[in-house]
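Working notes, structure below.
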Amino acid sequence: MDQTMDLRKIMHIIKKRILMIFGITVTCTALAAVLSFYVMKPVYEAKTSVIISKPMSETTAQTYNDVLMYQDLVKTYSEIAKSKSVAKLAAKKLDNKYTAIQIQRSADVTPQTNTQMLTISVQNGNAQDAKAIVEAISEAFIQESAAVYPSNNAIKVMDEAELPETPVKPNKGLNIAIGLFLGMIVSGSLAFMLEFMDKTIKTEEDVAKYLKDLPVLGIIPKVAKR
């Protein structure tokens with residue numbers, strides 16, 4: 001019975017404040033849509049994959065231990081790819097259109113689990129620049145790695161970077177959904193807060209609640225205007 005009454009009260013509050021709830025929710029959703037479509041700048045991402053391996057000779061086969069060793073070595077190579085020296089060399093390849101710091105901040109190097117491969121990705125507001133930067137980084141990485149490990153390690157590009165056609169940010173659908181969700185949460189919370197702060201007596205239940213020791217003798221009916 002109490003649960004039914006609580007549910008009725010909740011529905012009553014929602015119905016009472018429905019215009020406010022609807023207005024705030026629509027406003028938040030519309031604001032998220034405006035920000036996503038007209039304010040936030042699109043960001044494009046270009047990727048390339050490189051593999052690190054030991055050259056195979058005619059007489060020596062690559063063993064399982066070699067594979068494990070190179071998987072661990074990939075972590076070291078990933079740090080080389082993130083290094084300032086690689087970023088500086090990449091900046092030179094791009095005729096210093098971007099600084100080494102800008103290149104480092106826009107790039108991400110991720111070792112692929114249980115493999116001898118690295119994924120280099122770059123995000124930029126220009127699709128062509130994103131592709132050019134990731135290519136410059138991969139070239140600089142191969143050169144710097146050869147200088148650091150001038151032995152038998154072979155590094156080559158597996159997947160060439162492609163020109164990104166669609167931006168990865170902003171996620172317009174997700175942003176609008178978040179705006180809708182936040183609007184509902186904020187408006188609902190505000191509705192219940194206003195109801196909680198409202199101490200005026202409006203119904204028989206309010207009289208019984210606030211004036212527990214006094215009986216209800218009568219009520220004044222609400223007459224609709226003609």
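Derivation of every value follows stated rules applied to the coordinates shown; laboratory data play no part. In this text, all values refer to a predicted model and were calculated from it rather than measured experimentally. Glycine also receives a Cβ, built like all others from the backbone with ideal geometry; neighbour counts cover every protein chain displayed.
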Which of rounded, prolate, oblate describes region 72-117, given a ≥ b ≥ c as roots of the alpha-carbon gyration tensor eigenvalues and a/c under 1.5 marking rounded, otherwise prolate only if a/b is larger than b/c? prolate
Surrounding charge for MET40, neighbours by C-beta under 9 angstrom, Lys/Arg +1, Asp/Glu -1, total +3
When all C-alpha to C-alpha distances in region 124-183 are sorted into bins of 10 Å, what percent of pairs does each bin hold, rounded to whole numbers? 18, 29, 22, 17, 10, 3, 0
Tell me the label-point distance for the pair GLU160, ARG8, using the 7 Å Cα-to-Cβ offset, in nm and rounded to one decimal. 7.3 nm
Between ALA177 and LYS41, what is 0.36 nm times their sequence separation minus the Cα-Cα distance? Round to one decimal in nm. 47.1 nm
Once you place label points 7 Å from the Cα toward the Cβ at VAL168 and LYS82, how far apart are they in nm? 1.6 nm
I'd like to know which of ALA46, THR29, LEU19 lies farthest towards the positive end of the charge dipole of region 9-58, counting +1 on Cβ of Lys and Arg and -1 on Cβ of Asp and Glu. LEU19
Along Cα→Cβ, 7 Å out, is where each label goes; now give me the distance between the ones at LEU31 and ASP72 in nm to one decimal. 5.3 nm
Holding the Cα-Cα limit at 18 Å, pick out from LYS47/LYS131; LYS47/LYS82; LYS75/LYS131; LYS75/LYS97; LYS41/LYS169; LYS75/LYS156 the pairs that are longer than that. LYS75/LYS131; LYS75/LYS97
Whole-Hz Karplus couplings 3J(HN,Hα) for region 159-175, θ = phi - 60° and coefficients 6.51, -1.76, 1.60, Gly and Pro as x, run 10, 5, 5, 10, 5, x, 9, 10, x, 8, 9, x, 7, 4, x, 5, 4
